[in-house]
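The values are calculated or read from the model by the stated rules, or taken from the named source; none is laboratory data. The structure displayed is predicted, hence computed values, not measured ones. Every residue, glycine as well, gets a Cβ built from its backbone with ideal geometry; the counts of neighbours run over all protein chains shown.
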Amino acid sequence: MDKNGQMTFSDDPMLQENGEIYQLISEGNFKEAIKKLDKLMNLNPDYPGLVEAYRTAKFWHNREKDIRKTEQGKTTADFLMEEWAIFDDYASSKNMQSSSAYKSAMRFIFFRASENYKIAFQRNEGTGSRLELLINLGECFLRLSEHKLAVETLEHARNSYSANARMMFILGASYYHLDDIPKSLLFFKEAFLIDPSQLDLSLINVKPINDIINVIKKSGKTYRDIREWLPVYGFITDIFYVRRNISKHQIDMLKNELLSLEKNYVKLNKEEIESTNILPRMLNKYLWLFDYYIHQNINFENSGQIKERLLALDNDLFEEFLNTPPYKK
């Protein structure tokens, strides 16, 4: 009690018990957590957080034997990640994702998974998938808010392997949380250029991506896969304001990819176009080229041709954007 006789949080005996339960869950001691929860629920079944904690502890307790008997390394790590995806869906259906129990379970599962991915990498497990091991390890660190470790892991991967959309996406999120915004935005742009379909938007919560999603929602347009349209809207809203110099080889690759997409595009009817990712991918690649001819290798003829093609593909989307400086030429 305080001096006025009011009850304080420190007078609440269940508050401390609840904290101990969350600690047990974060340590993976689900059996003991359930014992304490059974006791507390008999005393006050409506106490905030108890139901979520009980469901969380029971879910993972039911999988403890499988976790223990699974061989350490990639097998265990993959199993934990797969089971987490199931738990995440379950937690979403029960509105548990903001609960302390959910966050406690996340700390245990992703710490355990990261330890096993480290073991797998050290053992050279699945030599052909070492990049995947590093990306999964980076994802674990991101989930644990260990952003510096995520960057160290994935920068090592980036220096050793070819660019990968998931790798760039996680790097973008990690650099954002380390307050390196320009580098973050550049990695996001790279990830969306490589393959938007590989990206898990639920994995991150960063302002630039959220802002673009809100712009798309406010536009009134509905898209089959919003991930495909994020880089397009990111460009025209200038949320993806960063740019890098592009090599001639990369420009040639973009042109070849666009040529192939254009050949397929002309064969499709409107319904077929809307059921595929072909239009947003064409637009994104055209925007990279357009930016190149506007800022890096200034060529009004080429930029003018791209401008005309963008307007032909989606006049409603690009008319206002292309009539503002520096694009109004």
task = Would you please name the residue that is farthest from Asn245 (Cα to Cα), looking only at residues in the stretch 291-313 that are surrounded by 15 or more Cβ atoms within 10 Å (Cβ to Cβ) and in contact (Cβ under 8 Å) with a residue 24 or more places away in the chain?
result = Leu313
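Of the residues Ser10, Ser26, which is hydroxyl-bearing (Ser, Thr, Tyr), at pLDDT below 90 and part of a helix (DSSP H, G or I)? I'd like the intermediate steps shown before the answer.
Numbers: Ser26 fails: at pLDDT below 90.
From the options Ser10, Ser26, the qualifying one is Ser10.
Within the stretch 265-285, count every residue that is β-branched (Val, Ile, Thr) and assigned to a loop (DSSP other than H, G, I, E, B).
Within the stretch 265-285, residues that are β-branched (Val, Ile, Thr) and assigned to a loop (DSSP other than H, G, I, E, B) number 2.
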query = So is Tyr327 at pLDDT below 95, of a type outside the set (D, E, K, R) and surrounded by 16 or more Cβ atoms within 10 Å (Cβ to Cβ) or not?
reply = yes
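A quick yes/no check of all residues on (1) assigned to a helix (DSSP H, G or I); (2) over 21 Å from Asp238 (Cβ atoms); (3) within 27 Å of the chain's Cα centre (by Cα):
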residue: Leu259; (1), (2), (3): yes, yes, no
residue: Lys263; (1), (2), (3): yes, yes, no
residue: Asp291; (1), (2), (3): yes, no, yes
residue: Ile294; (1), (2), (3): yes, no, no
residue: Ile298; (1), (2), (3): no, no, no
residue: Asn302; (1), (2), (3): yes, yes, no
residue: Leu310; (1), (2), (3): yes, no, no
request  = Assess whether Gln72 counts as being modelled with pLDDT under 95, more than 24 Å from Leu199 (Cβ to Cβ) and touching a helix residue (DSSP H, G or I) at 6+ places or on another chain (Cβ under 9 Å).
outcome  = yes
request  = Just give me the residues in the stretch 51-83 being over 10 Å from Asn116 (Cβ atoms), basic (Lys, Arg) and in contact (Cβ under 8 Å) with a residue 40 or more places away in the chain, in sequence order.
outcome  = Arg55
inquiry  = Among the residues of the stretch 251-259, are any within 22 Å of Asn315 (Cβ to Cβ) and of a type in the set (Val, Ile, Thr)?
reply    = no
note = Within the stretch 94-115, the count of residues that are surrounded by 18 or more Cβ atoms within 10 Å (Cβ to Cβ), farther than 19 Å from Glu146 by Cα and either among the polar types (S, T, N, Q) or over 20 Å from the mean Cα position of the chain (by Cα) (or both) comes to 2
note = Flagged in the stretch 189-219 as within 17 Å of Ala165 (Cα to Cα), acidic (Asp, Glu) and surrounded by 13 or more Cβ atoms within 10 Å (Cβ to Cβ), in numbering order, are Glu190, Asp195
query = Is there a residue in the stretch 228-243 that is in a helix (DSSP H, G or I), within 27 Å of the chain's Cα centre (by Cα) and hydroxyl-bearing (Ser, Thr, Tyr)?
reply = yes
message = Given the criteria exposed (fewer than 13 other Cβ atoms within 10 Å of the Cβ), in a helix (DSSP H, G or I) and at pLDDT below 95, does Ser162 qualify?
response = no
key: Matching residues in the stretch 165-188 - criterion: being surrounded by 18 or more Cβ atoms within 10 Å (Cβ to Cβ), farther than 16 Å from Asn136 by Cα and hydrophobic (A, V, I, L, M, F, W, C)   = Leu185, Leu186, Phe187, Phe188
